[in-house]
Amino acid sequence: MAEELVILSGKGGTGKTSITASFAVLAQMAVVADCDVDAADLHLLLDPEVLRTEQFYSGHEAMIDRSVCQQCGTCHAYCRFDAVRSELDAEGGVVYRVDRIACEGCGVCVRVCPTGAIKFPQSHCGQWMVSRTRCGPMVHARLGVAAENSGKLVTIVRDQARRIANEQHHDLVIVDGPPGIGCPVIASLSGGSRVLVVTEPTVSGEHDLMRVLDLSRHFAIPTAVCVNKWDINPRMTQRIERIARSNGCLLAGRIPYDLSVTEAQVRKLTVVEVESPAADAVRSIWKQLRQPQFSC
């Protein structure tokens, strides 16, 4: 079984995806899984060539068949999410339609419709892809607009990444997790081998770090912490590192604020593909994470 290194952050914008892409380059042919399905952007740096695309269906959504509907309004009266809307047709009569974004797929309207006019097909929520990159295989996904069940889509992405790793004999899966601590984060984290939490030296960075550490501790997964842009607030960096140490985490390292990171991204490169202080720091963190003592 391949090990899984999950990169998380308590909030967006800490540099988690940039670090994940750099690790993919340093790993040389690991399988990469972009589990930030709500706002995926790892593809911007790894420039994947899509080899396979699959549609993702989850849950159901109501649809009114107007050829059967008698415009009785029962569905409108029973819908607790205001998803059944009334409107006037060209002749001034009242007709009903389902707002697809507001519909929660509860199925109440299907049960109460006296004529069976409401269909209840599976909901198309997005798609997932298997791709090839300069760093090796990549599994990623795109959740549809206002679509739900991102946790289920994350699970599919991880399962496919594991399958590819086993079939192609890769010893490592690198997971770019979503920010926060919600359902998609839990789906990214559970069953992982080790975790790197990327934070920043701010009050919100400290707060969100503590929430993620609580989550990794719940799943009993070895956890490391790195501070990105540490030199914008050295005192807060020291405070965050004390918190990490008191929670039994490995201090993986610090990354300085470095304009070369942005310059590399503009060229569709990761920071470790250019020479810079930030690149040296990321390489050092990667070596720390690959040490035998930080593994399951």
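No lab work stands behind these numbers, since they all come straight from the coordinates. From a predicted model like this one, the values you see are computed outputs, not experimental measurements. All Cβ positions, even for glycine, are placed from backbone atoms using ideal geometry, and neighbour counts span all protein chains on display.
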| query | Dipole of the stretch 230-296, Cα-centred, from +1 at each Lys and Arg C-beta and -1 at each Asp and Glu C-beta, to the nearest 20 debye? | reply | 340 debye
| query | Considering amide H positions built from the backbone, and no H for Pro or chain starts, which residues 5 or more places from Gly59, or on another chain, come under 5 Å of its amide H? | reply | Ser123
| message | Taking θ = phi - 60°, what integer Hz values does the Karplus form 6.51 cos²θ - 1.76 cosθ + 1.60 yield along the stretch 62-75, in sequence order, with x for Gly and Pro? | response | 7, 9, 8, 8, 5, 6, 10, 4, 9, 6, 6, x, 4, 4
| Applying the Karplus parametrisation 6.51 cos²θ - 1.76 cosθ + 1.60 with θ = phi - 60° to the phi angles of the stretch 219-231, what ³J(HN,Hα) value in whole Hz is obtained for each residue in order, glycine and proline being reported as x? | 8, 6, 10, x, 10, 10, 10, 10, 10, 8, 6, 4, 7
| message | Suppose only helical runs count, i.e. DSSP H with n ≥ 4. What mean residue ellipticity at 222 nm does that imply for the chain under -39500 (n - 2.57) per run, divided by all residues and rounded to the nearest 500 deg cm²/dmol? | response | -10000 deg cm²/dmol
| For the stretch 180-280, what number results from the quotient of the Cα radius of gyration and 2.2 N^0.38 Å? | 1.15
| remark: So, for the Cα atoms of the stretch 62-120, Rg and Dmax in Å stand at 10.5, 32
| Of the residues Leu42, Leu189, Leu51, which exhibits the maximal mean-square fluctuation in a Gaussian network model of the chain defined by a 10 Å Cα contact cut-off? | Leu51
| request: Quick one: angle between helix 277-289 and the longest Cα principal axis of the chain, in degrees between 0 and 90, rounded to 10, please. | output: 90 degrees
| field | With Cα atoms, 0 to 90° folded angle of helix 203-218 axis to the chain main axis | value | 80 degrees
| note | For the chain, the longest principal axis of the Cα atoms and the Cα long axis of helix 150-168 enclose an angle in degrees, to the nearest 10, of 50 degrees
| field | Pair Ala39, Arg245: separation of 7 Å Cα→Cβ label points (nm) | value | 3.3 nm
| task | Pull up the cross-link candidates among the lysines for Lys16, meaning alpha carbon to alpha carbon under 21 Å and not fewer than 8 places away within one chain. | result | Lys229, Lys268, Lys287
| task | Before anything else, pin down the relative contact order of the stretch 194-265: Cα pairs under 8 Å, at least 6 apart, normalised by residue count, whole percent. | result | 34 percent
| task | Would you grab the residues whose amide H sits under 5 Å from the one on Tyr257? Only those 5+ places off in sequence or on another chain, please, with H modelled 1.01 Å from N. | result | Lys229, Trp230, Asp231, Ile232
| remark: When Arg80, Arg100 are ranked with the fewest other C-beta atoms within 10 Å first, the list becomes Arg80, Arg100
| Taking a quarter of the surface of the Cα convex hull of the stretch 1-123, what do you get in nm²? | 12.6 nm²
| field | Positive minus negative residues near Ser18 (Lys, Arg vs Asp, Glu; Cβ under 14 Å) | value | -3
| For the stretch 127-243, what is one quarter of the convex hull surface built on the Cα atoms, given in nm²? | 8.7 nm²
| note | Counting only residues 5 or more apart in sequence or on a different chain, those whose built amide H sits under 5 Å from that of Ala141 are Met129
| said: How would Met138, Met1 line up from fewest to most surrounding beta-carbon atoms within 10 angstrom? | reply: Met1, Met138
| task | Report, for the chain, the % of DSSP beta bridges that are antiparallel, rounded to 5. | result | 50 percent
| With r defined as the distance between the Cβ atoms of Thr262 and Ser86 and R0 fixed at 41 Å, what FRET efficiency is calculated, to the nearest 0.05? | 0.20
